[in-house]
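The structure appears right after this line, and notes come after that.
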Amino acid sequence: MSFSPPVSVVIPNHNGVRLLEKNLPAVFKSLRAGDELVLIDDASTDESVLWIKTKFNCQQIPSFFSETELWQGSNSKITLKLLVNLKNRRFGMSCNRGVEVATHDYIFLLNSDVVPQSDVLTPLLAHFDPEKNGDLVFGVGCLEVDSTDNTSQAGKQQLWFERGLFFHSKASNFNSGETAWVTGGSGLFSKSKWLAIGGFNAIYYPAYWEDIDLSFQARKRGWKVLFEAKARVEHNHETTNQTIFGQKKIAEMSWRNAKKFTWRNGNFWQKLAFLLWQPYWWWKYQAMAIT
């Protein structure tokens, strides 16, 4: 018999009512009776909150977070919790709050522009089976396929140290197995291990490298970070930081957080290399900014 415990699906949202209307039906098809949906609205200015409250007949319940409302609702199949941030907290902190209020021991973290296949949970949960050493697994990532180009794949990553910094890219293959990290947009996580680490670290606010760091911390504790090619999702790339921050700001945030990650996670020799290579990278970054 397959390992099939209940799951809490956690989806952050910011001004994405159109995406919720479009993609939640596919999410519901992937859920089983007894599963839970946790939506975190991050101070949206569109009709997201009203739409969710109406669709799920939500009632407000006490919240233990400051500047955040907590609502509860349901449909015929699943229960729902809605966290409403009255102040914008961005992706990482919103996800952390969603995980904290989630009921179940396994957290399926999804972006609102990701469409899971109906049987996506089965191959993911199989890795957590305690009879198969699943108690050592921290997270399992999905195969992400671009909805406009089925040949474009993502979800399995590699991470390496070079010239005083950590760098990352897509893996060279998409076979099931170990990955450098599980992306925050489509992955199943152990809630207890997530909380033990502390979730996404606030030092990476507002965005970038927080999911890489989370999996890195898990690997340091001896937990497995895996990729499952049979767990397929479509990524529509409709929520993007590009429209919020712009490309220049994104490059600055990613660069700054890459340095934070290196200093936080590098060993003695890597930190020494980081310091020695700083003049080179300062010059390189300035040259890139000019062009």
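Here, each number is a calculation from the coordinates, and none is a lab measurement. Note that the structure is a prediction, hence the values are computed from the model and not measured. FYI the Cβ positions are ideal-geometry reconstructions off the backbone, even for glycines, and counts take in every protein chain you see.
Points worth noting:
- All alpha carbon pair distances within the stretch 81-200 were sorted into 10 Å bins beginning at 0; the resulting P(r) in whole percents reads 11, 38, 36, 14, 1.
- Residue with peak Gaussian network fluctuation, the chain [Cα springs, cutoff 10 Å], from D42, D211, D105: D105
- Residue-by-residue Karplus 3J(HN,Hα) for the stretch 46-53, coefficients 6.51, -1.76, 1.60, Hz, glycine and proline x: 8, 8, 3, 5, 4, 4, 5, 4
- Each residue of the stretch 133-142 was assigned a 3J(HN,Hα) from its phi angle through the Karplus curve 6.51 cos²θ - 1.76 cosθ + 1.60 (θ = phi - 60°); the sequence is 6, x, 6, 9, 8, 8, x, 9, x, 9 Hz, with glycine and proline shown as x.
- Intensity falloff of the stretch 129-180 expressed as log10 I(q)/I(0), Debye formula with alpha-carbon point scatterers, at q = 0.16, 0.23, 0.27 Å⁻¹: -0.64, -0.92, -1.03
- Integer Hz, Karplus 6.51/-1.76/1.60 couplings in order for the stretch 27-36, x for Gly and Pro: 4, 4, 5, 8, 8, 10, 4, x, 6, 9
- Listed by chain and number, the aspartates and glutamates whose C-alpha is less than 13 Å from the C-alpha of K55, apart from same-chain residues fewer than 8 away, are E21, E47.
- Close amide H pairs (under 5 Å, H built 1.01 Å from N) link V9 with E36, L37, V38, F108, residues at least 5 positions away or on another chain.
- Reachable aspartates and glutamates, given that their alpha-carbon falls under 15 Å from the alpha-carbon of K230 and they are not under 8 places away in the same chain: D119, E144, E178
- The residues L70, L50, when put in order of fewest to most other Cβ atoms within 10 Å, stand as L50, L70.
- Long-range tail of P(r) for the stretch 25-147 (Cα pairs > 16 Å, %): 66 percent
- Ranked by how many other Cβ atoms sit within 10 Å of their own Cβ, fewest first, the residues F166, F28 fall in the order F28, F166.
- Residues whose placed amide H lies under 5 Å from that of G155, excluding near-sequence neighbours: E144
- Coordinate range along principal axes, alpha carbons of the chain, Å, largest first: 59, 46, 40
- Cut-off under 5 Å, modelled amide H: who pairs with S176 long-range: A229
- DSSP bridge pairs, the stretch 7-290: antiparallel proportion in percent, nearest 5: 55 percent
- Under 30 Å from the Cα of K249 - lysines, other chains or at least 8 residues apart: K22, K87, K156, K170, K259, K260, K271, K284
- Structure-based [θ]222 nm, the chain - -39500 (n - 2.57) summed over DSSP H runs of at least 4, per residue, nearest 500: -11000 deg cm²/dmol
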